[in-house]
Amino acid sequence: MALELVVWDVDGTLVDSRQFILDTMTESFRRCELEVPSIDRISAIIGLSLTEGIEHLLPEPQKARAREVTDVYRDIYFTTRARPDFQEDLFAGMAKILDDLEKREIPMAIATGKSRRGVEAFLKRFDLEGRFVSVCTPDDGPGKPNPWMIREALDVVGADPARSVMIGDAVYDMQMAVSAGVVGIGVSWGNQPPEALKSAGAYVVAGNAAGLESLLDMCPWEGRYVAK
């Protein structure tokens, strides 16, 4: 059974942005003179759209300030990224997997909680522009875990959901995969633990890049995965 589409999450899956996001969120709450959420709470919302994630972090009486915190976050985020000493890397092995899938002519797409501006900066930074048939963000439609982003990619390619995969590090990615009827492959090097990914519907969780590459090469779900 040929693989017809690979949909990628970005933060925590392709790019090692965890500490940058944690630091930026922490500083945003401080500047707004709000109680700073714990690292675990911030990690748990990575993958959601920015404003929705911030709403989750704010206590009920302060949820109306989500837009204010969002604006501060974006200002810090893009100011920091523009610094010449800014450093952010793809996870080890990810560039090779992307190159190999492209050589095999397997279509790839992005489904991310990043803003359109953020994902375009990511693509430019790593010279990935033009590599994906579909790039969907919460600026374009419903955010995760709504299956809209995956369905957009499936429609562009005309791919069979049962022969397509969503690769991500968050429960929202796996929930989105289940809702769209594609195979959810979790990665263990991101923001949420393997147990949470499996509970959210991951068919399997890759422990490293070599394991992920093997999964994509062997398609071990053939004949055993039933789309929900």
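Brief remarks on what is shown
- Some residue of the range 162-170 being assigned to a helix (DSSP H, G or I) and buried (at least 24 other Cβ atoms within 10 Å of the Cβ): no
- Scanning the range 81-99 for residues that are part of a helix (DSSP H, G or I) and modelled with pLDDT under 95 returns a single hit, R81.
- Pairs with Cβ under 7 Å, 6+ apart, first in the range 150-165 and within 11 Å of V6 (Cβ to Cβ), second polar (S, T, N, Q): A153/S134
Every residue, every condition in (1) without any contact (Cβ under 8 Å) to a residue 24 or more places away in the chain; (2) outside the structural domain of A209 (by TED's automatic domain parsing); (3) in contact with a strand residue (DSSP E or B) (Cβ under 6 Å, 6 or more places away or on another chain), yes or no:
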site	(1), (2), (3)
K63	yes, yes, no
V69	no, yes, no
M94	no, no, no
E102	no, no, no
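- Scope the range 16-44; condition within 26 Å of V135 (Cβ to Cβ), in contact (Cβ under 8 Å) with a residue 24 or more places away in the chain and part of a helix (DSSP H, G or I); matching residues: R18, F20, I21, T24, M25, S28, S43, A44
- Residue match in the range 5-15 (condition: without any contact (Cβ under 8 Å) to a residue 40 or more places away in the chain and either out of contact with any Gly (no Cβ under 8 Å at 6 or more places or on another chain) or buried (at least 19 other Cβ atoms within 10 Å of the Cβ) (or both)): no
The values are calculated or read from the model by the stated rules, or taken from the named source; none is laboratory data. What you are looking at is a predicted structure, and each value in this text was computed from that prediction instead of being measured. FYI the Cβ positions are ideal-geometry reconstructions off the backbone, even for glycines, and counts take in every protein chain you see.
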